[in-house]
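Presented below is the structure to which this report refers.
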Amino acid sequence: MRPSTASDRPGRARGRPHRTGASAIDRRAAQNQGFTCENCARPVTPLRNGSYRNHCPHCLWSKHVDEHPGDRASECRGLMRPERVDQPRGKGLAVVHRCTSCGFTRPNRIADDYGQGDSIDAVSALMARQTRHLR
């Protein structure tokens, strides 16, 4: 009889290792922490709607901390400037950030959170700046 593998067991994706240690919920809670914005120095609270907080709701600046959303694995740690507002297919509005250190770009969904959602004024100002460049 051959030993069982992850692909033989129900509920396991082929090739995915068994996770040990903290649960996904615990890891997510540890990553969704409040912070002080390094651009405007205002306090930022964690999101309460189940998403990761990845940019300041006041000035919309971000920090290059992820290689893939939520992994906090980037070594760059540069500040990311909000460049434009985009609407990825089926995902609502997103602020597109560009890292001021390495040039990496990533869209981040606008946070709609009852505790501390993104500033409508900041999003509107970014959209106005974006449309001025189109003229």
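Sequence-distant or interchain residues sharing an amide H contact under 5 Å with Glu83, placed H: which?
Val96, His97, Arg98
From the phi of every residue in segment 97-109, what ³J(HN,Hα) in whole Hz does the Karplus formula 6.51 cos²θ - 1.76 cosθ + 1.60 yield, where θ is phi - 60° and glycine or proline is x?
Coupling constants for segment 97-109: 9, 10, 5, 6, 8, 10, x, 4, 10, 7, x, 10, 4 Hz.
All of the numbers you see were taken from the coordinates with simple rules; none came from a lab. Here the structure is a predicted model, which means the values were calculated and not measured.
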